[in-house]
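As structure tokens, the structure follows; a few thoughts come after it.
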Amino acid sequence: MQRDATRGERIPEPVLAEVRIGAELKAAQERGEVATQADHGAGIQASVRTADTRPATLPEIGIPRQRAAEMKKLAEVRAGFPGC
């Protein structure tokens, strides 16, 4: 566990894991590896991915959109506290 620099409290490992997942989801969306809401099309990709297919959607990688939003928000908050 790491300490929360603002309160001196320990941050539970599951929360730290969600922070890391959120940060990686955001980075993957910026790299174009995971679709954003603007990219999202209807349906599930049914073919083999190639360089010209659309990025994976959150449901395709098994992450509900609401949880992804929560994890990305945690990553943003943590980024604001470099000592955490």
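The values are calculated or read from the model by the stated rules, or taken from the named source; none is laboratory data. Computed from a predicted model, the values in this text were never measured in an experiment. With ideal geometry, Cβ positions are generated from the backbone for all residues, glycine too; neighbour counts draw on all protein chains shown.
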Inset, instruction - Can you tell me which residue within the stretch 55-84, out of those that are modelled with pLDDT under 75 and surrounded by 10 or more Cβ atoms within 10 Å (Cβ to Cβ), is farthest from GLU18 (Cα to Cα)? - result: PHE81
Inset, instruction - Read through the list (1) modelled with pLDDT under 85; (2) surrounded by 13 or more Cβ atoms within 10 Å (Cβ to Cβ); (3) polar (S, T, N, Q), then give the number of the only condition that SER47 fails. - result: (2)
